[in-house]
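Step one of this worksheet: look at the structure below.
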Amino acid sequence: MISSNINWTKCVGLSTDGARAMLGRHRGVVKRVRDVAPLLTHVHCCIHREALATKRMLMDLKTVLDDAVRMVNYIKSQPLQAHLFSLLCEEMGSEHHQLLLRRSAGCRAAECSPGSSSYV
C-alpha cells in the first residue's frame, strides 16, 4: 500500500471481491485502509456478485444474458448505432439514452482484477 504512492487517507469507498486477503480482520486491505481512512465504506464488487449468480444460472437464462450482452456491445461499439439508439430512447421518452459497454455476462479473474473493469 505504501509503494503505490496513493494517499489512502482520502479514500471514502472501496470495492473488493470478498477474498480473505481483502477482508481479513487483522491484515486485510479493507482493515488497513480503514485504519488511515475511518470514513471508508466497503462494498462487495457488483461484478463479482453477478459472477457468483451466473455460476448457478440455468443455461437457457445464461444464453439470454449473453445475447443481451452481445446486443449492447454491438450498439455501443458502433458510433452510428449508439447515436441511433440514443435517438430511439429520446423519442420513446426514456430517462436513459446511453448503454454501458459490457465485456461478458460472467466475471473472470482478469476482468475483475485491480485496475480493470467489466464496464467501460
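Residue pairs whose Cβ atoms lie under 9 Å apart, separated by 6 or more positions or on different chains, with the first residue in segment 67-81 and open to solvent by less than 60 Å² (accessible area, probe 1.4 Å) and the second among the polar types (S, T, N, Q), are VAL69/SER104; ILE75/GLN81.
The set of residues in segment 25-56 being among the acidic types (Asp, Glu) and free of Cβ contacts under 8 Å to residues at least 40 places away in the same chain consists of ASP35 alone.
Listed here are the residues, each with its yes/no results for (1) among the aromatic types (Phe, Trp, Tyr); (2) modelled with pLDDT under 85; (3) assigned to a helix (DSSP H, G or I); (4) within 29 Å of LEU52 (Cα to Cα).
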| site | (1), (2), (3), (4) |
| --- | --- |
| MET1 | no, yes, no, yes |
| ASN5 | no, yes, no, no |
| GLY18 | no, yes, no, yes |
| MET22 | no, yes, yes, yes |
| LYS31 | no, no, yes, yes |
| ASP35 | no, no, yes, no |
| LEU39 | no, no, no, yes |
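Residue-wise test of (1) among the charged types (D, E, K, R); (2) over 30 Å from ARG20 (Cβ atoms); (3) in contact with a strand residue (DSSP E or B) (Cβ under 6 Å, 6 or more places away or on another chain); (4) not in a helix (DSSP H, G or I).
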residue	(1), (2), (3), (4)
HIS48	no, no, no, no
ALA53	no, no, no, no
ALA68	no, yes, no, no
VAL72	no, yes, yes, no
LYS76	yes, yes, no, no
LEU80	no, yes, no, no
CYS89	no, yes, no, no
GLY93	no, yes, no, yes
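Just one of (1) assigned to a helix (DSSP H, G or I); (2) within 20 Å of the chain's Cα centre (by Cα) fails for VAL43. It is (1).
Residues in segment 57-80 that are hydroxyl-bearing (Ser, Thr, Tyr) and over 17 Å from HIS97 (Cα atoms): THR63 only.
The values are calculated or read from the model by the stated rules, or taken from the named source; none is laboratory data. This structure is a prediction, so every number in the text was calculated from the model and none was measured. Because the Cβ atoms are built from the backbone with ideal geometry, glycine has one as well, and the counts that use them run over all protein chains shown. For the accessible areas, the whole protein counts, side chains as well, though only heavy atoms, and no ligand, DNA or RNA atoms are used. Shrake-Rupley method; radii C 1.70, N 1.55, O 1.52, S 1.80 Å.
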